[in-house]
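Below is one structure, written out as structure tokens; comments come after it.
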């Protein structure tokens, strides 16, 4: 009883400490993908809690092959109950992190219990659970985990982590019951079917649940029964939950992987990505265990990628380092299974983000669950390595010192994130070659400029021009310069337009380029009134380089419709967008609205029927009903009557 009270008190202190340290961060703002996925996503502003509205919100992301509906639904509920400001969303993220701390403690305690049972029966229950508490406390306060908490959209990562941790805990509980001769195999299926399914629907990294458990199985349980014999059911189990889904998933995704390798929007090739990631993964280890406030950041888009085995020279040594870690894990499987498990857990946690998928190179939130393996290895060595009595006090001081260090650095990071202006200035200072960090600083200044005589105008222009000149920068800085100066009546410099044309003509358009084009069109419709020839030139450059990009085509159709009023060209471009992305319902919605506006009622009716194919789980029921009502009302008007007003077509282009 005394041990239980002590552990409960310790875990409560750790969770409360993490909440209190994170709390000032709730005053920070939206960042990066928050805008496309949340701020500009009208589906996340439901008018009711009807099934149709909730389904529309759940499938409104466009991120990943499954749309991440559980995460998107959670954002919609945040907006419905607490409004659209970032405060409530960050609060929710902090509490998800706290829950994950509880689950991680349970996973650590179960892993260490299994370790004690098979390898170290000499260890006391107090030491085992105390080590689990230390690991959970360190993980809750680990500075590298901040971006999975205060970067709102990465609730996708932390919420998926909730289900994965619950699944691992169920698996461990089931295996321990099986070793006790009790019924437990059903818990293994429950873990994969329920927790694994929910984890994948929050974010695709939930698919790593069976990978984590097979590593646990291999290092701690060896696929055995209570008698020590092999349990053949487990081999069949992993064939069903890991091998077959893995093969089928790769076959399903392989066309898109090949397409992204051939027509990549990244500045690096697939080969260069594979060469670079070993360097990134080793840096993740350093950033996790020995965090440095000057290197941790939301922005790592300035990370230099490898162009060959020795370019830079650290590429080859990093590859050897990864091989050495794998060899160490295999070698130490019997002697130090916690070290083996920790290394493999961490490396397996990078399988989806550090391999063949055409993602960006570096993001800290990718370590949210993998870094548990690092802590397990380090704290296992520090506290449980025999003889445990030797230097016991020094070991505990080391662990307490690490946790205190993590808490201090986390507090400093939260202080930086708590103020959008401070965050922008510090990020741009620490990463002067980051296109995103430098642009964010310029945009922050620009958002504060409301008059032509504002004292911040020179800072905004200087910062945005500097951001535009950063290597691999998108056209966001130039678009921000044009929008800012158009709003306050200042001249629009020709060099900004030339820079846009040059960038769009020289490389495939990035999601940031597409977002910039979208912003320029939206402003043109309201108050910017850009020169038509300049805008058409920008679109011509973008489309010549990206003829099969449905997002750019849709933005162009918005421009031709609402600025040029060229209905024939608009209809043509809308059909092109649908042909390029037939599974995107918004493109069909745009076309139907135009068809109704042009009184092409038969075509509109057929287009509405075609949308039923995309109506998964009824999430388009409300939209289809609204379009049918709009069509019916238009049919009742006289041919020479003004048609119903045509709203600006929406475009999911900026979601990236």
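For this structure, a couple of remarks:
- Residue satisfying condition, being closer than 30 Å to residue 385 by Cβ and either assigned by TED's automatic domain parsing to the domain that holds residue 375 or exposed (fewer than 12 other Cβ atoms within 10 Å of the Cβ) (or both), within set 245, 267, 278: 278
- Flag if residue 502 is in contact with a helix residue (DSSP H, G or I) (Cβ under 9 Å, 6 or more places away or on another chain), part of a helix (DSSP H, G or I) and either under 16 Å from residue 474 (Cα atoms) or not assigned by TED's automatic domain parsing to the domain that holds residue 463 (or both): yes
- Boolean, residue 351 is over 14 Å from the mean Cα position of the chain (by Cα) and either loosely packed, with under 15 Cβ neighbours inside 10 Å or closer than 21 Å to residue 135 by Cβ (or both): no
- Just one residue in the set 71, 48, 60 is modelled with pLDDT under 90, surrounded by 22 or more Cβ atoms within 10 Å (Cβ to Cβ) and either in the same structural domain as residue 205 (by TED's automatic domain parsing) or touching a strand residue (DSSP E or B) at 6+ places or on another chain (Cβ under 8 Å) (or both); that residue is 60.
- Being farther than 23 Å from residue 349 by Cβ and surrounded by fewer than 17 Cβ atoms within 10 Å (Cβ to Cβ) is a property that does not hold for residue 314.
- The listed residues are 413, 436, and the only one of them that is modelled with pLDDT of 95 or more and surrounded by 21 or more Cβ atoms within 10 Å (Cβ to Cβ) turns out to be 413.
- Conditions (1) under 19 Å from residue 447 (Cβ atoms); (2) assigned to a loop (DSSP other than H, G, I, E, B); (3) out of contact with any helix residue (DSSP H, G or I) (no Cβ under 6 Å at 6 or more places or on another chain): number failed by residue 529: (1)
- Taking helices (runs of 4 or more DSSP H) as the structural unit, those lying wholly within the stretch 184-258 and holding at least 3 residues that are without any contact (Cβ under 8 Å) to a residue 24 or more places away in the chain correspond to 185-190, 232-238.
The values are calculated or read from the model by the stated rules, or taken from the named source; none is laboratory data. Note that the structure is predicted; figures quoted are calculated from it, not measured. Every residue, glycine as well, gets a Cβ built from its backbone with ideal geometry; the counts of neighbours run over all protein chains shown.
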